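Here the structure comes first, spelled out in structure tokens, and everything after it is commentary.
The values are calculated or read from the model by the stated rules, or taken from the named source; none is laboratory data. Small disclaimer: the values here were computed from a predicted structure and weren't measured. With ideal geometry, Cβ positions are generated from the backbone for all residues, glycine too; neighbour counts draw on all protein chains shown. Calculation scope for accessible area: heavy atoms of the full protein, side chains included, ligands and nucleic acids excluded. Shrake-Rupley method; radii C 1.70, N 1.55, O 1.52, S 1.80 Å.
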Amino acid sequence: MRHPKIDEMLRSCLLVLLASSLAGVARAQASRVALTPPMGWNSWNHFHCGVTEDIVRAQAHAMATNGMKAAGYLYVNIDDCWQGDRDAEGNIQPNSKFPDMKGLADYIHSLDLNFGVYSSPGPKTCARYTGSYQHEVQDAKTYAAWGVDYLKYDWCSAPQVYSPDQMQAAYRKMYDALLSTGRPIVFSLCQYGLQQVWRWGPSVGGNLWRTSGDISPDYTRMAFIGFEQNGLQKYAGPGHWNDPDMLEIGNGKLTNINEERTQMSLWCMLAAPLLAGNDLTNMDSQTLGVLTNREVIAVDQDPRGVEGHRVTQEGPLEVWVKAMADGSKVVGLFNRSVGDAVMEVNFSDVGIYGPAKVRDLWEHKDLGTMDRSFSASVPRHGVVLIRLSVPQP
Ligand code: GLA
């Protein structure tokens, strides 16, 4: 007869094995999200704290019907300012602008889109709404019950309760809470690039992490953030992306077509998340065209998941390259100067030794086969984006 102690030990071993394999399944599920950079819409850049359930429903409907969903935009994310107080049991409640979060999630899912929310590891969000501090597991369960598919987790007031060396654990805590719900939820870290987050973001479950402070709807700030990403490329890949903040295309002063194309081209070359930040119910065909250009989006969504980098810079003229899964190279000729400029790329600078076929991605035009280099006139604050393929013999 076996000693009862042995039975007890066997039982606990089995339980441990079962728990770790369940955690493994959850982890495998989580790692299947964001295999290409997430695409969607977020309320912050245009609506800030004025966002309401009706606005989010209208944005979701617009995204589903205006060609954006068909082009790959799938997440509808509420940013800050949806939270109310906690109930007597500590469950987070939305505020009066969001009377029915589950109903909203169901509506978004009925459009075959995904639903995202926002919180903070601290007691308050950046706009001083209720954060998740000491309610992480409970909040994760609430999100899963609503049907949340994406969480942006913003550091904000966390320094009031955590020291800098506790930052990673604070993010990990919410990741574990999300995992334990069993629901695949994209985990978006937002702490503005502190402590070189790109070095440890994946180890705390981050699918993306902000690499900068906040963007604003003007060329100078957008370009400053976008072009300073050079050097971070080795930290990005399927399931884990650098996030230079959301799109401002169509917002504020970012409505000139060359400037809009610059943000779109650069973000796609960076394999950055593409979260539109404008009012999708009220945009002109130019902005919609920039957001939905399929050949440009394909650069962002390339399955190889390589982030591009700068190859040459002459003052305000920058040439960037991104290696694609099919062996082709996407090259961006970016003109940050105040006047038009003729720019050139030598194919050898992007690793092509010999002739290449050139395709203009914004114009959807084959430009022919060129021997060693390509040159073009690039408008002020604009870009020429080409894809180079080596001709097959
Ligand atoms: C921070 C973030 C922004 C936005 C606001 C909301 O500033 O960086 O992206 O989420 O908080 O308050």
Of those in the stretch 156-187 that are under 20 Å from residue 123 (Cβ atoms) and of a type in the set (Gly, Ala, Ser), the residue most open to solvent (accessible area, probe 1.4 Å) is 169
Quick check on my filter: what residues within the stretch 30-51 are open to solvent by 50 Å² or more (accessible area, probe 1.4 Å) and more than 10 Å from the ligand (Cβ to nearest atom)?
31, 32, 35, 46
For residue 305, are the conditions met, namely being touching a residue at least 60 places away in the same chain (Cβ under 8 Å) and open to solvent by less than 10 Å² (accessible area, probe 1.4 Å)?
yes
Can you pull out the residues in the stretch 128-153 that are more than 27 Å from residue 64 (Cβ to Cβ), within 16 Å of the ligand (Cβ to nearest atom) and in contact with a strand residue (DSSP E or B) (Cβ under 8 Å, 6 or more places away or on another chain)?
129, 130, 131, 132
Tally up the residues in the stretch 53-64 that are open to solvent by 10 Å² or more (accessible area, probe 1.4 Å) and either within 16 Å of the ligand (Cβ to nearest atom) or outside the structural domain of residue 281 (by TED's automatic domain parsing) (or both), please.
1
What do you reckon, is residue 189 outside any loop (DSSP other than H, G, I, E, B), within 16 Å of the ligand (Cβ to nearest atom), modelled with pLDDT of 95 or more and assigned by TED's automatic domain parsing to the domain that holds residue 145?
yes
Of those in the stretch 208-233 that are open to solvent by less than 10 Å² (accessible area, probe 1.4 Å) and in a loop (DSSP other than H, G, I, E, B), the residue nearest to residue 278 (Cα to Cα) is 212
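The rows are residues; the columns are (1) within 14 Å of the ligand (Cβ to nearest atom); (2) assigned by TED's automatic domain parsing to the domain that holds residue 159; (3) open to solvent by 30 Å² or more (accessible area, probe 1.4 Å).
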site	(1), (2), (3)
66	no, yes, yes
77	yes, yes, no
81	yes, yes, no
99	no, yes, yes
126	yes, yes, yes
Which residues, taken from the stretch 276-331, are aliphatic (A, V, I, L, M) and part of a loop (DSSP other than H, G, I, E, B)?
280, 283, 306, 324, 325
What are the pairs, 6+ residues apart or on separate chains, where a residue within the stretch 211-233 that is within 13 Å of the ligand (Cβ to nearest atom) has its Cβ under 8 Å from a residue that is open to solvent by 10 Å² or more (accessible area, probe 1.4 Å) and of a type in the set (Phe, Trp, Tyr)?
211/198; 212/192; 213/192; 214/192
